[in-house]
Amino acid sequence: MKIIVIGAGAWGTAVAVSAARNPAGHQVVLWARDAAQAEAMDSARENARYLPGIPLPRELQLRGGAPDQGLQDAVPQADLVIVATPVAGLRATLELLRGSEVPVAWLCKGFEAVRDTGAAHAFGLMPHEVQRQAAPHLRSGALSGPSFAQEVARGQPTALVAASRDTDVRHAMVEALHGPTLRVYGNDDLVGVEVGGAVKNVLAIATGLADGLNLGLNARAALITRGLAETARLGVALGARPETFTGLSGLGDLVLTATGDLSRNRKVGLLLADGLSLEQAVQSLGHVAEGVYCAQTVWQRAQHLGIDMPITECVVGLLAGELKPVEAVAALMGRDPKGELL
């Protein structure tokens, strides 16, 4: 296959490295927004900024520059385009690709910021909702699941989900990436996969907070389990299938992000527990922590649908400075009793 990966951050680089190493012999181009970054990566055969210490395969081609400077000419010859921008950059990239017939997959997890703050019921959009507006005829889907970029780039065993309503798009993602160290499972529940990928970032902030306050493993298990229940309630209300949330993009991604030391969202919670402000915590990361940016949207959509999401509500209050860490814990523990499956 001929594969183009747009975005040379940690995750985009890791996916490009994995595709280039695939025994099928794919031709892979990693496209960086900054031409100078692409030249530096090509010279050093390393992404020193985002994936230091990971050698880039000699088969991986590096290109760079503004997307309209050569990228659009290259896309028609590709078999798959993988968009590895943050959610904030997805719309502009999809607009560039809107006339393409090539399957497109995005890697971002979260919600786009609200664009029309004056509109009634204005919400941030999930990636597939952004695609519906920006490039409605694009054949597309999401690649998601429990995965840290460093481990994928090192070739450590990983399982992902290729989600799309289009069978051919799912097949393209699987063919591009399924290999000896990376298993890729197809799923047509795009809504469920994207809800799981977005909400787990918010819940990871809560578990990081609990770990930073030394609340114990019991508290961590409770937050993960009840957080999964929140995620499933919201997902089903948005049209997802319940069983998706027991899979890789639901339970799997939540466990990884809520417990793994490489999780940026968990790190935010740990830093808040240490007394840092939200601004200080985010600045110390050096990478995007999507949970910080999409927590408010998750909560707004839940409220609009009448869905109870108490952990998410506390995270929103914490990030807004309305709750201190110990107050957030007290708010959760002080809730009235209820049945587990309600």
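Looking at region 224-231, can you tell me whether even one residue there is under 20 Å from residue 309 (Cα atoms), touching a strand residue (DSSP E or B) at 6+ places or on another chain (Cβ under 8 Å) and either open to solvent by 10 Å² or more (accessible area, probe 1.4 Å) or of a type in the set (Val, Ile, Thr) (or both)?
no
From (1) outside any helix (DSSP H, G or I); (2) at negative phi, pick out the condition that doesn't hold for residue 299.
(1) is the only condition that residue 299 fails.
Residues 71, 62, 94: which one is modelled with pLDDT of 95 or more and under 15 Å from residue 3 (Cα atoms)?
Exactly one residue qualifies, and that residue is 62.
Quickly run through region 23-40 and pick out the residues that are within 26 Å of residue 173 (Cα to Cα) and not charged (D, E, K, R).
Once the filter is applied, which keeps residues that are within 26 Å of residue 173 (Cα to Cα) and not charged (D, E, K, R), region 23-40 yields 23, 24, 25, 26, 27, 28, 29, 30, 31, 32, 38.
Looking only at region 303-320, decide whether some residue is closer than 21 Å to residue 218 by Cα, in a helix (DSSP H, G or I), in contact (Cβ under 8 Å) with a residue 60 or more places away in the chain and open to solvent by 30 Å² or more (accessible area, probe 1.4 Å).
So far as region 303-320 goes, no, none of its residues is closer than 21 Å to residue 218 by Cα, in a helix (DSSP H, G or I), in contact (Cβ under 8 Å) with a residue 60 or more places away in the chain and open to solvent by 30 Å² or more (accessible area, probe 1.4 Å).
From the set of residues in region 39-50 that are at pLDDT 95 or above and closer than 18 Å to residue 10 by Cβ, which is nearest to the chain's Cα centre (by Cα)?
Checked region 39-50; the qualifying residue nearest to the chain's Cα centre (by Cα) is 47.
Residue-wise test of (1) among the β-branched types (Val, Ile, Thr); (2) more than 22 Å from residue 60 (Cα to Cα); (3) open to solvent by 10 Å² or more (accessible area, probe 1.4 Å).
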site	(1), (2), (3)
122	no, yes, yes
126	no, yes, no
133	no, yes, yes
140	no, yes, yes
143	no, no, no
150	no, no, yes
153	no, no, no
156	no, no, yes
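Can we say residue 219 is under 17 Å from residue 299 (Cα atoms) and of a type in the set (Gly, Ala, Ser)?
no
Scan (1) open to solvent by less than 40 Å² (accessible area, probe 1.4 Å); (2) under 17 Å from the mean Cα position of the chain (by Cα); (3) within 15 Å of residue 207 (Cβ to Cβ) for the single condition residue 247 breaks and write down its number.
(3)
Determine, yes or no, whether residue 70 is open to solvent by less than 60 Å² (accessible area, probe 1.4 Å) and touching a residue at least 24 places away in the same chain (Cβ under 8 Å).
So residue 70 does not fit the description; no.
Within region 271-285, which residues are open to solvent by 100 Å² or more (accessible area, probe 1.4 Å) and part of a loop (DSSP other than H, G, I, E, B)?
Residue satisfying the conditions is 274 alone.
Within 26 Å of residue 291 (Cα to Cα) and either open to solvent by 50 Å² or more (accessible area, probe 1.4 Å) or not polar (S, T, N, Q) (or both): does that describe residue 84?
Yes, satisfied.
Take the residues of region 1-60 that are among the polar types (S, T, N, Q) and crowded, with 16+ Cβ neighbours inside 10 Å: which is nearest to residue 156 (Cα to Cα)?
My answer is 18.
For region 102-185, which fully contained strands (runs of 3 or more DSSP E) count at least 1 residues that are over 15 Å from residue 85 (Cβ atoms)?
140-144, 158-163
Please go through region 190-220 and pick out each residue that is open to solvent by 10 Å² or more (accessible area, probe 1.4 Å), more than 19 Å from residue 290 (Cβ to Cβ) and not polar (S, T, N, Q).
Answer for region 190-220, where residues must be open to solvent by 10 Å² or more (accessible area, probe 1.4 Å), more than 19 Å from residue 290 (Cβ to Cβ) and not polar (S, T, N, Q): 211, 212, 213, 215, 216, 217, 219, 220.
The values are calculated or read from the model by the stated rules, or taken from the named source; none is laboratory data. All values derive from a computational prediction rather than experimental measurement. When we count neighbours, we look across all protein chains shown, and the Cβ atoms used for this are built from the backbone with ideal geometry, even at glycine. Ligands, DNA and RNA are excluded from the accessible area calculation, which covers all protein heavy atoms including side chains. Shrake-Rupley method; radii C 1.70, N 1.55, O 1.52, S 1.80 Å.
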